[in-house]
Amino acid sequence: MLNVIFFVAITAEAMTAALAAGRRKMDWFGVCLIACVTALGGGTTRDIFLDHYPLYWVGNPLILLLVCGAALFTIAIARVAYHLRWLFLLLDALGLVVFTIIGCNVAIEIGAHPLIVIVSGMVTGIVGGILRDVLCNDIPLVFRGELYATVSIVTAVIYFFGLTAGFHPDLVIPVAIAVGFPLRVLALVKKWQMPKFVYEKDL
Amino acid sequence: MLNVIFFVAITAEAMTAALAAGRRKMDWFGVCLIACVTALGGGTTRDIFLDHYPLYWVGNPLILLLVCGAALFTIAIARVAYHLRWLFLLLDALGLVVFTIIGCNVAIEIGAHPLIVIVSGMVTGIVGGILRDVLCNDIPLVFRGELYATVSIVTAVIYFFGLTAGFHPDLVIPVAIAVGFPLRVLALVKKWQMPKFVYEKDL
Amino acid sequence: MLNVIFFVAITAEAMTAALAAGRRKMDWFGVCLIACVTALGGGTTRDIFLDHYPLYWVGNPLILLLVCGAALFTIAIARVAYHLRWLFLLLDALGLVVFTIIGCNVAIEIGAHPLIVIVSGMVTGIVGGILRDVLCNDIPLVFRGELYATVSIVTAVIYFFGLTAGFHPDLVIPVAIAVGFPLRVLALVKKWQMPKFVYEKDL
């Protein structure tokens, strides 16, 4: 179940990344690379931080074909992509939550400290988007966007403490998704944002 | 002693990073993340380069709370932060020197080549600031600033060759700090810079 | 033979990177650092992805001196560098192909999946240039340039399938170079580009 959502989420992240690359007028190769970095960058960073080898796409290289295929498919359907943007955003929100849960799982498996479990979930959920924005030469949206990282943290906390409290994953996973996913969608719709820190002076 | 300065330096780096994030109007989460990347990025990069696991903040996750706490505290005191900017810059200079020494130590412990010891010190000292500037969408200051990297190299060279010459760390560490710290402060005050390479033509 | 070309290519990459840094008016240290990141970043990223330690420049730290020496030499001869720009571009093209072959070799040695072999070659060939552009605050050229990544992929595919088909490396390496190198040079001369994906709407 989590695996199915995982592949849906990877595909969704690849497709929204392809549209971001298209806004920068990148060539087809650039589109595929941005898609790979966005869809796989979070898990890769987590695996490097935790010394968790082989990286999951090195162990399952067909994921690379899935991501590049999704990116090229996005180019093909770009004309209708605009009308599907809400679908993309919904799948992207689902992906954020699922990536976070998977990231927590990896850290739990290697017996990491609770704080590291939360961080591992968050890194898996948000680093792909940060790398995408850096490569597109933007200030990462996640630093200013609608509760993106907050949703990841909330999901990770619910998931981890749910497991710690002794509940079965089959119960905790749906609960974590049922909180994180609508929270992100609501934040998008209502344009909820974290308070900003504005400091105008030079140091 | 080095440990105490290390925590002071981490805190100082987190606070100056928070001000940089505030200049970019990031939200509170972005401020914390920029603080973590700046304060911990150098040591993390060094540990990855040297295959030195677990990463030090994975092994001591409370450091993450210290860094985020320092970042949020900076938001709270932002009104007076401007008047403390010299204190921040002094602590940041101290941090550069101490991070460098700690970076050298890690490489020495695993028996690395002298050149790698110097590079390890330098990476620990300066990479955090480079990552901060990339995430804030600037050309990294360290490539154009006041002897930042040079101070790190000088400190690393003194420290490594002091140890190699047989002196006790209790002597070499204060000497390295006593050279590196005022060198950086003087460079800031006098606006000393490395010569620039200006090449106007396209390749 | 491949080793000789490897060192020529590293030097060429360091020199073109130094010119890029000069266009950004970086100081001498920044020039050396950009040269190191560009010349060594691809191989470093590959080694981290494949858990292939020690990193090759950690094992052979004199490479760092070669790269920094080449960068400083470029500053010294900057006045004539403009007249040598075609030589640089030729050596850079050769470097792309050779880096790719070396990257494939590393992945083959550790018994990686064919797709990972291709990716390993490509990462080794192109990531250095991507990191250079990110640090210089540009959208990476490779996402919009003249078949840069495509040349790397073509070279990797020829090399890997040549070996798989049972041919001797002494035959396959020259063939891969003989296809990849002129392809890149032709793409530069004729300004061949991959088709671009242009998507004007906001998501």
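Would you say A:Asp92 is in contact with a Ser or Thr (Cβ under 6 Å, 6 or more places away or on another chain) and at pLDDT below 90?
Numbers: in contact with a Ser or Thr (Cβ under 6 Å, 6 or more places away or on another chain): yes; at pLDDT below 90: yes.
So A:Asp92 fits the description; yes.
Can you give me the number of residues within the stretch B:100-123 that are farther than 12 Å from B:Tyr159 by Cβ and buried (at least 24 other Cβ atoms within 10 Å of the Cβ)?
Residues meeting the conditions: 3.
Has the stretch A:2-10 got at least one residue that is assigned to a loop (DSSP other than H, G, I, E, B) and either in contact (Cβ under 8 Å) with a residue 40 or more places away in the chain or within 27 Å of C:Glu200 (Cα to Cα) (or both)?
Kept after step one, since they are assigned to a loop (DSSP other than H, G, I, E, B), are these residues of the stretch A:2-10: none.
No, the conditions are met nowhere in the stretch A:2-10.
Which number in (1) out of contact with any Cys (no Cβ under 6 Å at 6 or more places or on another chain); (2) crowded, with 20+ Cβ neighbours inside 10 Å; (3) among the aliphatic types (A, V, I, L, M); (4) within 24 Å of C:Arg46 (Cα to Cα) marks the one condition that A:Leu62 misses?
(2)
Any residue in the stretch B:130-151 that is in contact with a Leu (Cβ under 8 Å, 6 or more places away or on another chain) and away from every other protein chain (no Cβ under 14 Å)?
No, because not a single residue in the stretch B:130-151 is in contact with a Leu (Cβ under 8 Å, 6 or more places away or on another chain) and away from every other protein chain (no Cβ under 14 Å).
Considering only residues that are more than 17 Å from B:Gly30 (Cβ to Cβ), aliphatic (A, V, I, L, M) and free of Cβ contacts under 8 Å to residues at least 40 places away in the same chain, which ones fall in the stretch A:163-203?
Of everything in the stretch A:163-203, those that are more than 17 Å from B:Gly30 (Cβ to Cβ), aliphatic (A, V, I, L, M) and free of Cβ contacts under 8 Å to residues at least 40 places away in the same chain turn out to be A:Ala165, A:Leu171, A:Val172, A:Val175, A:Ala178, A:Val179, A:Leu183, A:Leu186, A:Val189, A:Leu203.
Is at least one residue of the stretch A:127-139 outside any helix (DSSP H, G or I), in contact with a helix residue (DSSP H, G or I) (Cβ under 7 Å, 6 or more places away or on another chain) and farther than 21 Å from B:Cys68 by Cα?
Yes, that holds for at least one residue.
Can you pull out the residues in the stretch C:125-166 that are among the β-branched types (Val, Ile, Thr) and either closer than 16 Å to C:Val106 by Cα or modelled with pLDDT of 90 or more (or both)?
Pass one, the stretch C:125-166, residues among the β-branched types (Val, Ile, Thr): C:126-127, C:130, C:134, C:139, C:142, C:150-151, C:153-155, C:157-158, C:164.
The answer is C:Ile126, C:Val127, C:Val151, C:Ile153, C:Val154, C:Thr155, C:Val157, C:Ile158, C:Thr164.
So, in the stretch B:5-56, of the ones that are more than 10 Å from every other protein chain (Cβ to nearest Cβ) and of a type in the set (Ser, Thr, Tyr), which residue ends up surrounded by the fewest Cβ atoms within 10 Å (Cβ to Cβ)?
B:Tyr56
As an exercise: evaluate B:Leu84 against (1) under 22 Å from C:Leu33 (Cβ atoms); (2) over 17 Å from the mean Cα position of the chain (by Cα); (3) modelled with pLDDT under 90 and give the number of the one condition it does not meet.
(1)
Output the number of the condition that A:Phe161 fails; it satisfies all remaining conditions of (1) in a helix (DSSP H, G or I); (2) touching a Gly at 6+ places or on another chain (Cβ under 8 Å).
Here A:Phe161 clears every test but (2).
For the stretch A:58-99, which residues satisfy the criterion of being free of Cβ contacts under 8 Å to residues at least 12 places away in the same chain, in a helix (DSSP H, G or I) and more than 9 Å from chain C (Cβ to nearest Cβ)? I'd like the intermediate steps shown before the answer.
Looking only at the stretch A:58-99, we keep the residues that are free of Cβ contacts under 8 Å to residues at least 12 places away in the same chain, and these are A:58-62, A:65, A:69, A:76-77, A:79-80, A:82-87.
Subset that is in a helix (DSSP H, G or I): A:58-59, A:62, A:65, A:69, A:76, A:79-80, A:82-87.
Hits for the stretch A:58-99 are A:Gly69, A:Ala76, A:Arg79, A:Val80, A:His83, A:Leu84, A:Trp86, A:Leu87.
The values are calculated or read from the model by the stated rules, or taken from the named source; none is laboratory data. Keep in mind that this is a model prediction, so the values were computed, not measured. Methodologically, a virtual Cβ is constructed for each residue, glycine included, from the backbone with ideal geometry; neighbour enumeration extends over all protein chains shown.
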